[in-house]
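The structure appears right after this line, and notes come after that.
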Amino acid sequence: MRRSVMLSCGSYLPEKVLTNEEMAKIVDTSAEWIEQRTGIKKRHVAAPGQKTSDLATAAAMKALKAANLQGSDIDLIVLATTSPDNTFPATAVTVQDNIGMGGKGFAFDIQAVCSGFIYALATADNFIKAGQAKRALVIGAEHFTNLLDWTDRTTCVLFGDGAGAVILEASDDGKGTKEDRGILSTHLHSEGALRNLLYVDGGPSSTRTVGHVKMNGKEVFRHAVTRMSEAIVEAMQANKVTAEDVRWLVPHQANKRIIDATAEKLHLTPEKVVVTVQDHGNTSAASIPLALSTAVEDGRIQRGDLILMEAMGGGLTWGAALARW
Ligand code: ACO
């Protein structure tokens, strides 16, 4: 049975760091408030002129290097972003050019906001299983700070810029069991009736502007814990595994309180949870591959470990993926 094996990952954070203390000079907030309510200590901000495709390319190059591959070895790029370089073309085609993939294969963007990486992973996995791609770069990349209203303290303190990438490769080596390496299953959901809880108030067909993030924080928080827990249970049941079998939870990094509440609900002990939100804030589609790369690079995630990824974002969209690293 064909599986998408996760070969490597890589990530990139822009050089400029904005601490909570610096944030308190921009809006009426305090470093303590931000850290207590969200767990965030700092975020990274892209340099002037640094585009989402630049962040994505930097993360992709690291993932390629880690797998000892070149751009020309890739035949599919699925890039999740909510802050594309341009309305069109897709940011993915710029990355295709940047990494030297040439005219080989195909590249496109996915828009599912903070769930973008899970959606992109599911999409690439299905292209691989269908035999339409052999080696895919799955990227989450955001220049999210350009979508912020820097006078709105209820949103601007939460987000940051960054990118992460994973390389998937088709493998027919496994027996089709949950012991095989690779993506075991993905589970996607959305509910459009809830789209007004979290959105950007601009766009080409509405205002002809880029717009800014608007959010009902309390409701988003409530839905996040419920929906992500549901998706986790769905992924575990689909593969007949329990919380004990899961070695690592690699959640979307939005808010430490959301991560803690979700893990607690599912009896996933804190030692099993990868948390990086303190270092980069909510980087939307980039947050899962950023956390994954951190835990792979520091040696926590080892080959063969069962990892559970989950996210929720604007739409509302949510989902989970279970994989053996
Ligand atoms: N600094 C200081 N005070 C603030 C700030 C701030 N940055 N922001 C809000 N406040 C104030 C509010 O005005 C309010 O004051 P009031 O009581 O005088 O009206 C008070 O703090 C409490 O506000 P709440 O909204 O009740 O605070 P809460 O504990 O809910 O925390 C937060 C707010 C952090 C936004 C929380 O609701 C949250 O994390 N929601 C989820 C949002 C999220 O993660 N979105 C990301 C996208 S979706 C996703 O990724 C899952």
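Shape call for the range 259-325 from the C-alpha gyration tensor, a ≥ b ≥ c root eigenvalues: rounded (a/c under 1.5), prolate (a/b greater than b/c) or oblate? Mind showing how you got there, number by number?
Values: a/c = 1.44, a/b = 1.25, b/c = 1.16.
Rounded, since a/c falls under 1.5.
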Handout entry: Dimensions (Å) - the chain, Cα atoms, principal axes, largest first
Key = 56, 46, 38
Practice task
Pull up all non-local amide H partners of Phe159: gap of 5 or more, or a different chain, and H-to-H distance under 5 Å with H placed in the peptide plane.
Solution key: Asn282
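Provide the FRET efficiency to the nearest 0.05 for the Glu22-Phe88 pair, computing r from the beta carbons and using R0 = 41 Å.
So the FRET efficiency works out to roughly 0.75.
Using the Cα gyration tensor of the range 36-80, with a ≥ b ≥ c the square roots of its eigenvalues, what is the shape: rounded (a/c below 1.5), prolate (a/b larger than b/c) or oblate (neither)?
prolate
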Exercise for the section: Starting at the first residue of the range 225-238, write each ³J(HN,Hα) from the Karplus equation 6.51 cos²θ - 1.76 cosθ + 1.60 with θ = phi - 60°, in whole Hz, x for Gly and Pro. Expected result: 5, 5, 5, 5, 5, 4, 5, 5, 4, 4, 5, 5, 5, 4
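Can you pull the percent of the range 3-171's accessible area that's carbon plus sulfur, 1.4 Å probe, other chains left in place?
Working: 3340 of 6670 Å².
On the range 3-171, the fraction of accessible area on carbon and sulfur atoms equals 50 percent.
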Practice task
Go ahead and collect, in residue order, the members of the range 165-199 whose backbone nitrogen is under 15 Å from a label point 7 Å along the Cα-Cβ direction of Arg222.
Solution key: 194-198
Exercise for the section: Send over the Kirkwood Rh of the range 1-81, from the inverse of the averaged 1/r over different Cα pairs, rounded to one decimal Å. Expected result: 15.6
Handout entry: For the range 3-171, convex hull of alpha carbons as volume per residue, Å³
Key = 112
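Which percent, nearest 5, of DSSP beta bridges in the chain are antiparallel? The partial results should precede the final answer.
Details: 40 of 56 bridges.
Counting DSSP beta bridges with both partners in the chain, the antiparallel share is about 70 percent.
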Exercise for the section: Skip the ligands, DNA and RNA, and give the accessible area per residue of the range 3-171 with a 1.4 Å probe, whole Å². Expected result: 39
Practice task
Give the ranking of Val93, Val78, Val45 by solvent-accessible surface, highest area first, calculated with a 1.4 Å probe.
Solution key: Val93, Val45, Val78
Exercise for the section: Give the calculated FRET efficiency between Arg37 and Glu297 to the nearest 0.05, with a Förster radius of 25 Å applied to their Cβ-Cβ distance. Expected result: 0.30
Handout entry: For the range 136-285, convex hull of alpha carbons as volume per residue, Å³
Key = 145
Practice task
Check cross-link reach from Lys51 to the aspartates and glutamates: straight Cα distance under 12 Å, and skip same-chain residues fewer than eight apart.
Solution key: Asp85, Glu142, Asp161
Problem - For the range 212-248 and the range 82-142, distance of Cα centres in Å - result: 24
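List the trypsin sites (Lys or Arg not before Pro) in the range 168-259 that DSSP assigns to loop (not H, G, I, E or B) and whose Cβ has at most 12 other Cβ atoms within 10 Å. Which are they?
Passing sites in the range 168-259 are Lys175, Arg208, Lys240.
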Completion exercise
Once Glu310, Glu21, Glu15 are ranked on solvent-accessible area with the largest value leading and a 1.4 Å probe, the list reads Glu15, Glu21, Glu310
Practice task
Mind giving me the nanometre distance, one decimal, between the label points for Trp150 and Arg247, set 7 Å out from Cα along Cα→Cβ?
Solution key: 4.3
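Which links in Lys25/Lys256; Lys129/Lys218; Lys41/Lys272 stretch past 31 Å when you go from one Cα to the other? Provide the component values of the computation, followed by the final result.
Values: Lys25/Lys256 23 Å; Lys129/Lys218 39 Å; Lys41/Lys272 21 Å.
Over 31 Å apart, Cα to Cα: Lys129/Lys218.
Given a Förster distance of 30 Å, report the FRET efficiency between Asp97 and Asp201 from their Cβ-Cβ distance, rounded to the nearest 0.05.
Calculated value: 0.40.
The values are calculated or read from the model by the stated rules, or taken from the named source; none is laboratory data. Bear in mind that the values here come from a model prediction, so they are computed numbers and not experimental data. Cβ sites come from the backbone with ideal geometry, for glycine too, and all protein chains shown count toward neighbours. Ligands, DNA and RNA are stripped out before the accessible areas are found, and what is left, the full protein with its side chains, is counted by its heavy atoms. Shrake-Rupley method; radii C 1.70, N 1.55, O 1.52, S 1.80 Å.
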